[in-house]
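To start, the structure itself, in structure tokens.
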Amino acid sequence: MNGKNKKIPYAIFLVALCLVIAGCAGGGGEIAVEHDHDDHADHAHDHEDGAAQKEAEETTNSNTEPIPETKESKKSENPMLPPMGDPSKMNPEDMKKMGESRGMSMQDMMKMGESMGMSKENMMKMGESMGSSHSGSSQETPPKLQNLMIKNLGPWDPTTSTFGDLKFNSNYQTAGGNTIFDDFGMIHDRGSPTQYDNPTFEFKAPADTVVIAPISGVVTMINFQPTTSYKQDDWELIIASSQRAAWGVNLDHISSIDCDRSGANPVDCDLPLTINGEIIKEGTTIEAGQVLGYVGNWQDTTNSGINGRTELTVFEYIRDDSKRGENLGVRNHCPTMYLDESVELLYKSKIQDLMNSFETWSGDSSNYPQEQMVSPGCRYTAIEETPEGKTKPVTG
């Protein structure tokens with residue numbers, strides 16, 4: 001969906017602090033105030049951050065209130081407080097600490113900066129010149145996967161034709177050359193107008209296959225997906241380090257652990273996802289390894305017992321720091337290139353064994369172009385998605 005969320009960059013407060021405490025600028029002329037906003041691209045990973053929008057609007061509205069009269073606003077030189085020093089040589093963190101040492105809240109700093117004739121736009125530019133960068137993704141640490149979502153992923157058992165909870169079945173495989181693991185970059189809908197490069201790790205499995213959280217973080221989006229043009233009736237959620245993070249992990253097609261997933265044709269179930277009996281919602285804290293539910297639904301037209309699926313995506317919003325957080329699209333990343341060091345070799349080996357086992361079992365070594373892969377299970381390092389939903393592999 002498309003949405004515009006207004007927010008006041010953190011740099012504004014820091015510059016206002018500089019103005020108030022050090023008097024590094026006098027009253028300026030009137031400058032038109034232009035609020036920054038986020039343009040969310042129209043794709044599967046986008047969601048509106050209502051909490052952030054509400055907080056920004058409350059902060060903006062509070063600027064119209066009378067400026068509190070404090071000792072700091074009357075007198076900038078207090079012998080009981082540490083000296084300010086040269087503001088031009090101070091970084092934002094130093095200014096923040098200085099303001100806190102003088103008993104000033106961020107709201108007070110903002111109000112005082114505006115009372116001195118400085119617009120938000122002007123203060124923002126000053127903040128940028130001081131090296132503040134709070135809207136871009138370049139300073140954010142990408143997630144480190146602790147697992148690849150499937151709880152029991154391997155090992156291969158040739159006597160039962162299973163790879164952990166995953167199941168190999170000739171009826172399923174021969175119906176159009178289906179694979180139970182669609183690698184990152186595999187062409188979907190080949191030859192049709194909707195053809196695209198698969199930007200996920202997609203697993204097809206029996207409906208009672210358990211999925212777990214691949215990272216620790218906070219749920220920033222959760223949405224129930226009713227069946228429309230294809231079988232769904234399951235959940236999608238995003239886990240990220242924070243509500244405004246540029247990086248996140250998208251987990252698509254999950255059914256509640258409270259649903260009955262037994263039988264050849266599991267009954268549709270819209271029960272909410274839960275952890276230890278608590279309903280998962282936006283803002284819920286998740287720990288890596290916690291059970292999220294079962295795989296979502298997949299229509300079993302071949303009586304193979306492969307009637308569920310789920311998808312794992314590591315993504316980041318494409319942003320331009322000069323546009324202060326505007327989302328220009330999404331860049332999806334190869335999952336096995338973002339594994340935590342403690343499990344990297346283990347899960348790269350699991351994906352390698354999964355592909356090898358399937359090719360050996362099927363007798364078709366062309367299922368996965370492993371010699372061309374940049375990492376196990378990945379044909380590319382990244383795949384970009386435009387707001388229109390088009391995919392473009394990143395080959396460099």
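Table for the structure above
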read-out: Diffusion coefficient, µm² s⁻¹, Stokes-Einstein with Kirkwood Rh over alpha-carbon pairs of region 353-396 at 37 °C and 0.692 mPa s; value: 273
read-out: Extension gain (nm, one decimal) between ASP189 and LYS231, 0.36 nm per residue minus Cα-Cα; value: 13.5 nm
read-out: Diffusion coefficient, µm² s⁻¹, Stokes-Einstein with Kirkwood Rh over alpha-carbon pairs of region 153-394 at 20 °C and 1.002 mPa s; value: 115
read-out: Label-point separation, ALA175 to VAL343 (7 Å along Cα→Cβ), nm; value: 3.1
read-out: Restraint check, LYS144/LYS231; LYS167/LYS231; LYS151/LYS390; LYS204/LYS281, Cα-Cα greater than 29 Å; value: LYS144/LYS231; LYS151/LYS390
read-out: 13 Å cut-off, amide nitrogen to a point 7 angstrom out along SER216 Cα→Cβ, residues in region 264-298; value: 285-290
read-out: GLN372-LEU271 pseudo-label distance in nm [points 7 Å out on the Cα-to-Cβ vector]; value: 4.4
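None of the figures in this text is laboratory data; all of them are computed from the coordinates on show. Only a predicted model underlies this, so the values are computations on that prediction, with no experimental measurement involved. Note that each Cβ is placed from the backbone with ideal geometry, even for glycine, and that neighbours are counted across all protein chains shown.
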